[in-house]
Amino acid sequence: MSLKAVILAAGEGTRMRPLTHRRPKPLVPVAGRPIIEHIVGGLASAGVRDICLVIGHLGEQIQERLGDGTRLGCRLHYVWQEHYGGTGAAVLLARDFIGRERFVLGWGDIIIPPDNYRNLMRLYRVEQPDAILSVNRVDDPWEGAAVYVEHGRVTRIIEKPERGTSSTNFNNAGLFVFGPELLDILDETEMSERGELEVPSAIQTMLEQGVTIRSCVVEGYWSDVARPGTALAVSARIISHISHSGLLFHPEARLGPRAELIPPVLLGPDAVVGNARIGPNVVVMAGASVGDGATVSQAMLFPGACVGNGCDLRHVIVEEDGSVPAGTGICGAGENVLVAGGD
């Protein structure tokens, strides 16, 4: 019992700037792969073979990177959203692709372990509820949407509640299963105060109409990859999830004989690390290099980036083909990740 999927990937990614000046947010690398590849690959691993991407800002780059989806084990279709009008408006653009079938809906910036896609599909096959809403546990869902659940059934959803007002720790995780009735409800849904047509508003209408919406709890890491610091933080969790040692090396990566690695560390194809101290939480992507005597921690080097000898980088992302001259020190802190080597 296979379903189609619609992934909303048209936003400008303003909070992710400057990384989204030259690429759409779904192509921002996390743990060595673009965000959208984590999502599409996860769906394909769960047996979802037909996926429609709603694209917008610099969307032609997504089409060029993913093509028809064959490389990721699926068939990709594309719909353009020329003017952003909210998540509901984006879903309606995929109406012809959806038809009158049930479908998976997801946000194009949510990263979760692939097992969760398989769990979602298993729940759908076994119970076949009217709809499924995935949730993740947080301390306070004030930045997302508070989801209230009783005996596995969603009873209420409150979008962006005031901080400290929620009595639930469940947040809307941005992954769903809906029937075509969602489209009918969106047709009748009023614009939000922000002037947008929102999926959460339609979900609340479904609940008021007595539609059974089953909850599905996301296990493991969850990230909306909102900012450069978020991308860096979730990279560490993904690497540690994939490898018990926290070390992932491509066979064509090269290491100096006195290189020191502190996991989690990921080295991509043709990555070169000299006699340097790397980690924790460092990704050196394809063709990127780190010179002798450098110290690099809490950092991502995008493809082709070059960090010179004796550099000291902490909480830094080095842009694609960017160069950091020898002896340079660049130190961000926590969520304040600095971006170096850009235009």
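At a glance:
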{"quantity": "Relative packing of peptides 214-221, 172-179 - highest average C-beta neighbours within 10 Å first", "calculated": "172-179, 214-221"}
{"quantity": "Helix axis angle, 228-242 relative to the chain longest principal axis, alpha carbon, degrees", "calculated": "90 degrees"}
{"quantity": "Sparse-neighbourhood loop sites, GluC sites (Glu not before Pro) in region 94-190 - DSSP loop, at most 10 other Cβ within 10 angstrom", "calculated": "GLU162, GLU190"}
{"quantity": "Within-10-Å neighbourhood charge of SER215 [Cβ basis; K, R +1; D, E -1]", "calculated": "+1"}
{"quantity": "For region 28-150: rounded, prolate or oblate by the Cα gyration tensor [a/c cutoff 1.5]", "calculated": "rounded"}
{"quantity": "³J(HN,Hα), Karplus 6.51/-1.76/1.60, whole Hz, each residue of region 15-29, x for Gly, Pro", "calculated": "6, 8, 4, x, 5, 9, 5, 10, 8, x, 3, x, 9, 5, x"}
{"quantity": "Amide H within-cut-off set for VAL149, under 5 Å, with H built and near neighbours excluded", "calculated": "THR155"}
{"quantity": "Value of [θ]222 nm, deg cm²/dmol, for the chain, DSSP H segments ≥ 4, -39500 (n - 2.57) each, nearest 500", "calculated": "-6500 deg cm²/dmol"}
{"quantity": "Region 4-217, relative contact order in percent, only Cα pairs under 8 angstrom and at least six apart counted", "calculated": "22 percent"}
{"quantity": "Of all DSSP beta bridges in region 228-340, antiparallel share, percent nearest 5", "calculated": "5 percent"}
{"quantity": "Region 259-339: relative contact order in percent, alpha carbon pairs under 8 Å with at least 6 residues between", "calculated": "21 percent"}
{"quantity": "Cα pair count fraction exceeding 39 Å, expressed as % - the chain", "calculated": "17 percent"}
{"quantity": "Approximate spin-label separation MET191-TRP80, in nm, with each point projected 7 Å along Cα-to-Cβ", "calculated": "2.3 nm"}
{"quantity": "Two-site FRET efficiency, SER167 against ALA326, from Cβ-Cβ distance with R₀ of 51 Å, rounded to 0.05", "calculated": "0.40"}
{"quantity": "Cβ charges +1 (Lys, Arg) and -1 (Asp, Glu), total dipole of the chain, debye", "calculated": "940 debye"}
{"quantity": "Relative packing of peptides 305-312, 164-171 - highest average C-beta neighbours within 10 Å first", "calculated": "305-312, 164-171"}
{"quantity": "Among beta bridges that DSSP assigns inside the chain, antiparallel share in %, nearest 5", "calculated": "30 percent"}
{"quantity": "Within-15-Å neighbourhood charge of GLN298 [Cβ basis; K, R +1; D, E -1]", "calculated": "+2"}
{"quantity": "Around GLY229: net Lys/Arg minus Asp/Glu count, Cβ-Cβ under 11 Å", "calculated": "+1"}
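Computed from the coordinates by the stated procedures, all read-outs in this text should not be read as laboratory data. All of these numbers come straight from a predicted model, not from anything done at the bench. Glycine gets a Cβ as well: all are built from the backbone with ideal geometry, and neighbour counts include every protein chain shown.
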